[in-house]
Amino acid sequence: MSGTPRIVVLAGGVGGSRFVLGVRAALRARGIDDTAAALTVVVNTGDDLWLSGVRLQPDVDSITYALAGVNDTERGWGRQGDTERVNHELQEWGAGWPWFTLGDLDLGTHLARTGWLRDGLTPTQVLERMSHRWDLGARLLPMTDAEVDTVVVLEDGARLHFQEWWTRHRATLAPARFENPGVEAASPAPGVVEAIADADAVLLAPSNPVVSIGPIVSVPGVRDALRSTSAPVVGVSPIVGGKVVRGMADVCLTAIGVDTSAVAVAGLYGARERGGLLDTWLLAEEDEAAAAEVAGLGIRSLVRPLWMTDAARQAALGAAALDAAEV
Ligand code: FO1
């Protein structure tokens with residue numbers, strides 16, 4: 001391919017940021033210096049919430065911090081070397097949630113964002129402004145400018161914000177279903193549909209299929225854009241050897257009646273030639289035996305190492321995804 005390729009990645013938080021780092025590294029390795037012109041990341045905002053008067057965007061921030069190199073790689077969220085003075089003070093006031101930590105540096109991000117939202121900027125404009133501080137090497141777009149949070153409905157009908165279910169209860173309360181109130185009326189953020197339509201490759205990061213990729217493709221217009229783009233759509237399995245790589249996606253999959261297997265997640269996304277989302281599915285070497293079953297779904301499968309445990313492996317996976325899309 002001559003010129004700058006246009007790559008779109010759909011991504012959630014931790015798995016999403018590692019994958020985006022890998023794609024950025026793979027683009028650089030191909031001699032593309034201006035990766036920001038090549039790489040657009042459509043980020044899940046279904047995890048977002050208001051807390052203590054500020055707007056939190058956990059997946060947006062995880063990806064921003066990771067691309068900037070200021071993320072806490074141990075915890076997987078928040079800023080490296082952050083302190084918790086303000087959080088202690090909030091606890092003393094009985095404000096916020098006692099089981100949810102807002103780091104001091106991280107709070108600076110939330111305050112800046114909230115101020116700009118209050119000034120009348122849209123979430124897309126806020127994210128654009130936030131992208132100037134560091135050389136991220138990617139353009140970040142929220143999936144929508146609408147506030148579409150995720151609600152977990154339990155078997156007994158109780159309703160919890162996703163963050164309470166995930167962080168406080170560590171996904172131990174059996175969910176009956178997940179809801180994104182307001183998503184039916186939401187529109188994709190400006191630039192999302194255009195980026196997908198004009199892309200040379202669309203990549204689905206190995207993020208949680210239910211609460212990260214799920215909300216993005218639930219925004220009316222995104223699924224149609226994925227189905228109609230002339231770009232190949234390549235997904236990366238978040239399941240390796242029948243286990244989630246990180247996080248609690250298995251509980252989410254069980255709740256919607258999908259097995260925790262690479263084939264079942266491929267089936268959830270479906271083949272583009274049969275009205276679904278995928279042309280190609282990258283499967284882990286551990287799941288090689290499932291390749292024929294994926295092919296039976298109408299999806300081409302490629303077996304590749306999917307562990308993203310260091311920068312070299314992230315870059316190799318990014319390169320594998322670009323190769324799969326013939327970029
Ligand atoms: N995750 C936790 O497990 N505990 C926390 O106290 C916590 C605080 C937090 C603050 C800001 C932020 O952007 C993310 C935070 N996370 C925390 C991560 C987050 O709850 C989830 O991991 C993601 O939403 C899932 O993608």
Give me the pairs, please: first residue somewhere in the stretch 70-95 and within 20 Å of residue 135 (Cα to Cα), second residue anywhere and within 13 Å of the ligand (Cβ to nearest atom) and open to solvent by 60 Å² or more (accessible area, probe 1.4 Å), beta-carbon distance under 7 Å, and either six or more positions apart or on two chains. 79/105
Being over 17 Å from the mean Cα position of the chain (by Cα) and in a helix (DSSP H, G or I) is the filter here, so list the residues in the stretch 184-205 that pass it. 184, 185, 194, 197
Can you name the residue in the stretch 118-130 that is farther than 21 Å from residue 21 by Cα and within 16 Å of the ligand (Cβ to nearest atom) and, of all such residues, is farthest from the chain's Cα centre (by Cα)? 126
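Give me the helices (runs of 4 or more DSSP H) completely within the stretch 1-100, filtered to those with at least 1 residues that are within 20 Å of residue 196 (Cβ to Cβ) and within 12 Å of the ligand (Cβ to nearest atom), ordered by residue number.
Working: elements: 14-29, 35-38, 58-68, 85-93.
The qualifying helices (runs of 4 or more DSSP H) are 14-29, 58-68.
Quick one: would you say residue 214 is open to solvent by 10 Å² or more (accessible area, probe 1.4 Å), out of contact with any Ser or Thr (no Cβ under 7 Å at 6 or more places or on another chain), not hydrophobic (A, V, I, L, M, F, W, C) and not in a loop (DSSP other than H, G, I, E, B)? Let's see the steps before the verdict.
Values: open to solvent by 10 Å² or more (accessible area, probe 1.4 Å): yes; out of contact with any Ser or Thr (no Cβ under 7 Å at 6 or more places or on another chain): yes; not hydrophobic (A, V, I, L, M, F, W, C): yes; not in a loop (DSSP other than H, G, I, E, B): yes.
So residue 214 fits the description; yes.
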Looking only at the stretch 106-117, and only at residues there that are within 19 Å of residue 81 (Cα to Cα) and surrounded by 17 or more Cβ atoms within 10 Å (Cβ to Cβ), the one that is nearest to the ligand (Cβ to nearest atom): 106
Residue check, residue 124 against (1) assigned to a helix (DSSP H, G or I); (2) out of contact with any Asp or Glu (no Cβ under 6 Å at 6 or more places or on another chain); (3) crowded, with 17+ Cβ neighbours inside 10 Å, all met but one. Which one? (2)
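Yes or no, residue by residue, for (1) over 15 Å from residue 22 (Cα atoms); (2) modelled with pLDDT under 95; (3) outside any loop (DSSP other than H, G, I, E, B):
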{"position": "282", "(1), (2), (3)": "no, no, yes"}
{"position": "288", "(1), (2), (3)": "yes, no, yes"}
{"position": "291", "(1), (2), (3)": "yes, no, yes"}
{"position": "295", "(1), (2), (3)": "yes, no, yes"}
{"position": "302", "(1), (2), (3)": "yes, no, yes"}
{"position": "309", "(1), (2), (3)": "no, yes, no"}
{"position": "312", "(1), (2), (3)": "no, no, yes"}
{"position": "316", "(1), (2), (3)": "no, no, yes"}
{"position": "321", "(1), (2), (3)": "no, no, yes"}
Can you name the residue in the stretch 131-164 that is within 18 Å of the chain's Cα centre (by Cα) and assigned to a helix (DSSP H, G or I) and is also surrounded by the fewest Cβ atoms within 10 Å (Cβ to Cβ) among such residues? 163
What tally of residues in the stretch 166-192 results from selecting those that are within 16 Å of the ligand (Cβ to nearest atom) and over 21 Å from residue 218 (Cα atoms)? 7
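Please verify whether residue 272 is charged (D, E, K, R), without any contact (Cβ under 8 Å) to a residue 60 or more places away in the chain and open to solvent by 30 Å² or more (accessible area, probe 1.4 Å), treating the condition exactly as stated.
Yes; evaluated as a whole, the condition is true for this residue.
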Check the stretch 289-308 and report whether any residue there is out of contact with any Ser or Thr (no Cβ under 6 Å at 6 or more places or on another chain), β-branched (Val, Ile, Thr) and surrounded by 14 or more Cβ atoms within 10 Å (Cβ to Cβ). yes
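The values are calculated or read from the model by the stated rules, or taken from the named source; none is laboratory data. These figures come from a predicted structure and were not determined experimentally. When we count neighbours, we look across all protein chains shown, and the Cβ atoms used for this are built from the backbone with ideal geometry, even at glycine. Surface areas here come from the heavy atoms of the whole protein model, side chains and all, with no ligands, DNA or RNA. Shrake-Rupley method; radii C 1.70, N 1.55, O 1.52, S 1.80 Å.
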